[in-house]
Amino acid sequence: MTEPKPIRILGVGNVLCTDDGLGPYMIKVLESLYEFPEGVEVIDLGTPGMDLTPYLADARMVIVIDTVRGDEAPGTLRLLRDREVVSTPPPSRMSPHEPGLREALMATEFSDSSPEEILLVGVVPESTGQGTKLTAAVGGAIDKVVATVIDELERLGRPAIPRQPPGEVEIWWE
């Protein structure tokens with residue numbers, strides 16, 4: 001019997017650049033609130049480039065949490081699925097790490113190891129300047145990001161189990 005492909009939840013961002021630290025912050029939040037079933041990997045990737053490729057390869061689904069550029073108000077949740085992630089023209093970067101994400105996805109296509117599904121859970125930042133705390137606008141989107149990730153796991157038949165009681169969120173960089 002073949003082992004099922006993993007589901008990967010990847011937090012991407014620079015914790016020293018205010019709202020850009022959303023991805024790593026969300027990994028800490030998710031780990032404090034939930035236990036994840038076997039085959040669901042929850043990983044803080046920091047600021048990867050092409051070294052993102054192995055985390056995308058051969059996965060059932062990859063959920064990437066990051067900030068995304070947009071005309072919407074700071075704190076707005078934006079969801080991009082599958083082809084939407086790579087179909088944005090290169091000059092209009094979706095996130096500070098987006099060229100790495102786009103290139104890594106293309107690399108998985110060339111090696112025939114693309115994830116079956118990908119979801120970019122993005123939040124429009126207020127600031128990506130120097131600092132270690134999320135702005136109030138982006139902090140206000142945390143519950144929506146959690147709900148989106150948990151709903152996706154439910155849809156995939158791999159539900160997360162709420163911790164009783166929830167753990168404390170330990171943000172080492174603040």
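If we count every other residue with Cβ under 12 angstrom of VAL169's Cβ, Lys/Arg +1 and Asp/Glu -1, where does the sum land?
Its environment carries a net charge of -2.
Skipping prolines and chain starts, which residues have an amide H placed within reach, meaning under 5 Å, of the one on ASN14, given they are 5 or more residues away or on another chain?
For ASN14, whose amide H was placed from the backbone, the distant partners under 5 Å are GLY21.
Residue separation times 0.36 nm, minus the C-alpha to C-alpha distance between GLU35 and VAL169: what's the value?
This chain segment gains 46.9 nm when fully extended.
What is the sum of charges, Lys and Arg at +1 and Asp and Glu at -1, for the other residues whose Cβ falls under 11 Å from the Cβ of LEU156?
-1
Just to confirm my numbers, what's the Cα centroid distance between segment 31-80 and segment 116-167 in Å?
9
Excluding ALA147 itself, what net charge comes from residues whose Cβ is under 15 Å from its Cβ, given Lys and Arg +1 and Asp and Glu -1?
Net local charge, ALA147 excluded: -1.
Helix-derived [θ] at 222 nm for the chain: sum -39500 (n - 2.57) over DSSP H runs of at least 4, divide by residue count, nearest 500?
Calculated from helices alone, the mean residue ellipticity at 222 nm is -8500 deg cm²/dmol.
With the other protein chains left in place, how much accessible area per residue, in square angstrom, belongs to the chain at a 1.4 angstrom probe?
49
Only residues of segment 43-71 count here: report those whose backbone N is under 18 Å from the spot 7 Å along Cα→Cβ of GLU103, or say none.
Output list for this probe position: 45-57.
Would you pull out the residues with amide H under 5 Å of TYR34's amide H, same chain only if 5 or more places away, H placed 1.01 Å from N?
For TYR34, whose amide H was placed from the backbone, the distant partners under 5 Å are ARG163.
If you take every DSSP beta bridge fully contained in the chain, what fraction is antiparallel? Give it as a percent rounded to 5.
Counting DSSP beta bridges with both partners in the chain, the antiparallel share is about 25 percent.
Expressed as a whole percentage, what fraction of the accessible surface of the chain belongs to carbon and sulfur atoms when a 1.4 Å probe is rolled over the protein heavy atoms?
Looking at the chain in its full context, I get 52 percent from C and S.
Starting from the Cα-Cα distance between ILE43 and ARG81, subtract it from 0.36 nm times their residue separation and give me the gain in nm to one decimal.
Length gained, ILE43 through ARG81: 11.7 nm.
The values are calculated or read from the model by the stated rules, or taken from the named source; none is laboratory data. These numbers were taken from a predicted model, which means no experiment stands behind them. Cβ: placed from backbone, ideal geometry, glycine included. Neighbour counts: every protein chain shown. Accessible surface areas use protein heavy atoms only, side chains included; no ligands, DNA or RNA. Shrake-Rupley method; radii C 1.70, N 1.55, O 1.52, S 1.80 Å.
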